[in-house]
Protein chains: 2
Amino acid sequence: MRHGVCQGPEEDALGVTLSDIEGARRVIEGSVLRTPMLPAPKLSALTAAEVYVKYENLQVTNSFKDRGALVKLASLNEAERKRGVITMSAGNHGQAVAYHAARLGIPATIVMPVTTPFVKVAATRMHGAEVVLHGESVAEAQARCEQIQAKRNLVLVHPYDDPRIIAGQGTITLEVLEVVPDLDVLVFPVGGGGLIAGNAIAAHAKNPAIEVVGAEAALYPSVWNALRGEDRPIGGPTLAEGIAVKNVGKLTLPIIRELVAEIILVDEAHLERAVNAYLTLQKTMAEGAGAAGLAAMLAKPGRFTGKKVGLVLCGGNIDPRVLASIMVRELERDSRIVSFRLTIPDRPGVLGAIATRIGELGANILEVDHRRLFLDVPAKGAKLDVTIETRDGAHAEEIMAAFAADGYLPVRIEPGAAIE
Amino acid sequence: MRHGVCQGPEEDALGVTLSDIEGARRVIEGSVLRTPMLPAPKLSALTAAEVYVKYENLQVTNSFKDRGALVKLASLNEAERKRGVITMSAGNHGQAVAYHAARLGIPATIVMPVTTPFVKVAATRMHGAEVVLHGESVAEAQARCEQIQAKRNLVLVHPYDDPRIIAGQGTITLEVLEVVPDLDVLVFPVGGGGLIAGNAIAAHAKNPAIEVVGAEAALYPSVWNALRGEDRPIGGPTLAEGIAVKNVGKLTLPIIRELVAEIILVDEAHLERAVNAYLTLQKTMAEGAGAAGLAAMLAKPGRFTGKKVGLVLCGGNIDPRVLASIMVRELERDSRIVSFRLTIPDRPGVLGAIATRIGELGANILEVDHRRLFLDVPAKGAKLDVTIETRDGAHAEEIMAAFAADGYLPVRIEPGAAIE
């Protein structure tokens, strides 16, 4: 890991140079959004740092993948454009290739695992691409992608291991540094490494004093393992499916090894908190991978204290149902939504009395459930499940104590617990 | 309603001039974010217009209210600053006054109805303001606000009926037109009228060819009634509580009458769709009032077809629980989430068979509910409620038909219906 070295032959040895990235920028000018880079005071307060966010979720396909995809597609000659392109992607790269291929009149085929969410399949088809659903896993889809590519003689648009893709993603840092030139740290999510590799080259060439830090999902520590020679297990369901990559890039790894100061592993709880923080504090929608940089700040707070930090919110394509459940779980964790079960005498007016009591105690009733009145009930009593909104954990305790004093035998129901 | 008239004495007659708004801009420079104004291609596709969005939800207190509040506070003399300010607001104006008063070292008191959500009370207190909770309604809180103001000799910061507030809000259009000068229409949410009044003056002075349109909640048609001499009922729970205003401003109404081309009333369904469209298509969080401009485009689509339209996403402070429920309801409406009840033989292995069948049919299981197995059940059978994710309405029908053919007597459960 190198700092303060002037640009020289080493840059060329990495396969992508600042001049490639500047060229990429001219290619995307006018066709890819120059996204806002803005101070995020509430995230600064949350992390005790000075945080700026680059909103790549505002791109047309809602991720930074527009950049590399366009640079690669625009580089094809007439014969290649006629043959068409293919890629394997369940996510943002596929949408970006489909969108820009359609714009340039290039036929595109996107191979996706059959498990891909409908929303993503539909979005990719909407851009006019041929979608081939194949395989339960990414590996199976990839094998099919290679078959089709060979058979139809298509041009492969690799999601990260391609110098033009890397150069395209690196354009982000050129834009970032024009707005905030004196950052201390730039944090990028790491999957296959295309995003961080291109941007590490740009940052290092423009201002070698800036530390480039990677945020990798703890369930997919591919780059971590490769850099450290470790063998941590890789796999499992993650909120950050956009960076859930098992194979490190052949081009990207040497760049990361050379120019990235540190890889921080982020677990699912930090990813979830980061998605929620973007939503509730910055009013913007980040997918798990898109929030990984912020998750790294939450995972290792001392690392960033007092520093001027640039975060790239690299994608916003999160399933609305997942987002809804994250928001509700966060409120439950804060004890701002609390459920408990009361044992109540089975006579008229009790429900009204309980509702009134909750109001007096300053909480709001969200849900009352007595569908199970007929189950597990002593002859003269019934059970009532109540979900309320409180100010905080202490307020929730106070309300439980009041119902205990009133003889309702309140029992707290844990968030997400099955109630039988 | 006037167009193509040069700026002249009439402007002065309206109480606020372009020069006031330009002055306001100098006041807020560096202390209020110059928010992005960006093309929104997916909203353009949705509305068959060319849509640009001004992201005022990215302000520190997540609404445009920062602008007017700061302009007013900065105009106070030393004696007034020492006495302190007061306002009545359950929402964004209160937070904006609290935040900028704290920045300027001015003591601030914010009176809120006791029904104000905890999140908003906490956010206002966090900015260091004294929060007085009083009254069930805005009117009761307002009465208390006036009492305290008189008793403590505080300066009132009115949410809209003040020339400095109006001038402050008008700065939005100066920024908007520097990015996209040739808009056909600018749409602003209308509550008390401060936002649209200031911006109508700025737009008319800068480019009288631009139509200024207001979006008012159909449940709160105060300006609509005042302009047309109608007497539509006002009141009721609305998603757009930020523009749920009963009293039109004395200063704002003449400006609206003079410079606004049309008021469009938006009902709750359009507001909900607009909030959801901002979230799922633009990956940004709009509160109901913040999405009212887009709701107006959905309510009256022909009005905007093919036009270059500027929308001001004026605020993002929506309760996460409300947002979560909007997202899920939208999926249910699209039949992408469908619930139905099956009658099943009560023997081992049936659940597995049904789950496998759903998989074969290409849907995902979200929830299975057999907590009510013991109720309302023939001796030899049971009922099973299944919630699945489908591609679309046709796919949902196909799955229902398959279960009917298999003899499970499927019955669709409507979204939100109580299941007994």
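Legend: mean number of C-beta atoms from other chains within 10 angstrom of residue C-beta atoms, peptide B:53-59, equals 3. Counting only other chain Cβ atoms within 10 Å of each residue's Cβ, the peptide A:330-339 averages 1. Considering only B:Gly84, B:Gly30, B:Gly310, the Gaussian network model of chain B with Cα springs below 10 Å gives its largest mean-square fluctuation to B:Gly30. Among B:186-199, A:323-336, sorting by the average number of other beta carbon atoms lying within 10 angstrom of each residue, highest first, gives B:186-199, A:323-336.
A 1.4 Å probe over all protein chains sorts A:Asp231, A:Asp319 by accessible area into A:Asp231, A:Asp319, starting with the largest.
Going 7 Å from Cα along the Cα-Cβ axis for the label, what nanometre distances separate A:Gly393 from the same residue across the other copies? Reported distances to equivalent positions: 4.8 nm.
Using a Gaussian network model of chain B whose springs link C-alpha atoms within less than 10 Å, name the residue from B:Arg25, B:Arg232, B:Arg357 with the highest mean-square fluctuation. It is B:Arg357. Taking the longest Cα principal axis of chain B as reference, the axis of helix B:350-360 is set at about 60 degrees.
Please figure out what share of the DSSP beta bridges in the protein assembly as shown is antiparallel and state it in percent, rounded to the nearest 5. Walk me through the numbers before you get to the answer.
Values: 43 of 103 bridges.
Antiparallel: roughly 40 percent of the beta bridges in the protein assembly as shown.
The lysines within cross-link reach of B:Lys82, meaning a Cα-to-Cα straight distance under 25 Å and a gap of 8 or more places when in the same chain, are B:Lys65, B:Lys72, B:Lys151. With a simple spin-label model that places each label point 7 Å from the Cα along the Cα-to-Cβ direction, the separation between B:Ala122 and A:Arg228 comes to 3.5 nm.
Can you tell me what percent of all Cα-Cα pairs in the stretch A:33-148 are more than 24 Å apart? Taking all Cα-Cα pairs of the stretch A:33-148, the fraction more than 24 Å apart is 36 percent.
Give me the summed buried accessible area for the B-A pair, 1.4 Å probe, to the nearest 100 Å².
Between B and A, the summed buried area is about 3800 Å².
Relative to the longest principal axis of the Cα atoms of chain A, the long axis of helix A:163-179 lies at roughly 70 degrees.
So which residue, out of B:Thr356, B:Thr305, B:Thr35, gets the largest mean-square fluctuation from a GNM of chain B using Cα contacts under 10 Å as springs? Looking only at B:Thr356, B:Thr305, B:Thr35, the largest GNM fluctuation is found for B:Thr356. Couplings 3J(HN,Hα) for the stretch B:82-92, derived from phi with the Karplus relation 6.51 cos²θ - 1.76 cosθ + 1.60 (θ = phi - 60°), are 5, 5, x, 10, 9, 8, 10, 6, 8, x, 5 Hz, where x marks Gly and Pro. In the stretch B:203-260, one over the average inverse separation of all distinct C-alpha pairs is 12.5 Å, which is the Kirkwood hydrodynamic radius. If you sort the three axes of the alpha carbon gyration tensor as a ≥ b ≥ c, you get a/c of 1.5 or more for the stretch A:231-315 and a/b no higher than b/c, which makes it oblate. Inter-chain neighbour count for A:280-289: the average number of beta-carbon atoms from partner chains within 10 Å of each residue's beta-carbon is 5. Of all beta bridges that DSSP places with both ends in chain B, some 40 percent have antiparallel geometry. With Cβ to Cβ distances under 14 Å as the rule, what net charge do the other residues near B:Arg232 carry (K, R +1; D, E -1)? Counting the neighbours of B:Arg232, the net charge comes to -2.
Adding -39500 (n - 2.57) for every DSSP H run of four residues or longer, then dividing by how many residues chain B holds, sets the calculated 222 nm ellipticity at -13000 deg cm²/dmol.
Suppose all protein chains stay in the model; what accessible area per residue would a 1.4 Å probe give for the stretch B:272-346, in Å²?
27 Å²
Using a 7 Å projection from Cα along Cα-to-Cβ, the label point at A:Gly236 is separated from the same position in the remaining copies by 5.0 nm, smallest value first.
Quickly rank B:13-19, A:142-148, B:218-224 as a protection proxy: mean count of other C-beta atoms within 10 Å, highest first.
Result, highest mean first: B:218-224, B:13-19, A:142-148.
The distance linking the stretch B:306-367 with the stretch B:243-263 is 40 Å (Cα centroid to Cα centroid, whole angstrom). Orientation-averaged projection of chain B equals 23.9 nm² [convex hull of Cα atoms, one quarter of hull surface area]. Taking the longest Cα principal axis of chain A as reference, the axis of helix A:320-333 is set at about 50 degrees.
Under the 0.36 nm per residue contour assumption, what length would be gained going from the current alpha-carbon distance of B:Ile413 and B:Glu146 to full extension? Write out the running numbers ahead of the final one.
Working: separation 267, 0.36 × 267 = 96.12 nm, distance 5.10 nm.
Length difference between fully extended and current span is 91.0 nm.
Electrostatic bookkeeping for A:Leu265 treats Lys and Arg as +1 and Asp and Glu as -1; over the other residues with beta carbon under 10 Å from its beta carbon, the sum is 0.
Label-to-label distance, A:Arg357 versus A:Ser19, with points set 7 angstrom from Cα along the beta-carbon direction: 7.9 nm.
According to the Cα-based calculation, Rg over Rh for the protein assembly as shown is 0.98, with Rh computed by the Kirkwood formula. Backbone geometry of the stretch A:301-312 corresponds, through the Karplus equation with coefficients 6.51, -1.76 and 1.60 at θ = phi - 60°, to 3J(HN,Hα) couplings of x, x, 4, 10, 3, x, 8, 8, 10, x, 10, 9 Hz, x marking Gly and Pro. Only Cα pairs under 8 Å and 6+ residues apart enter the sum, and on that basis the relative contact order of chain A stands at 16 percent. Peptides B:67-80, A:118-131, A:290-303 ranked from most to least packed, by the mean per-residue count of other Cβ atoms within 10 Å: A:290-303, B:67-80, A:118-131. The local environment of A:Val119, defined by Cβ-Cβ distances under 14 Å, has a net charge of 0 under the rule Lys, Arg +1 and Asp, Glu -1.
The values are calculated or read from the model by the stated rules, or taken from the named source; none is laboratory data. Predicted, not measured: the structure shown is a model, and the values here were computed from it. Don't worry about glycine lacking a Cβ; one is built from the backbone with ideal geometry, like all the others, and counts go over all protein chains shown. These accessible areas exclude ligands, DNA and RNA; they are computed on the full protein's heavy atoms, side chains included. Shrake-Rupley method; radii C 1.70, N 1.55, O 1.52, S 1.80 Å.
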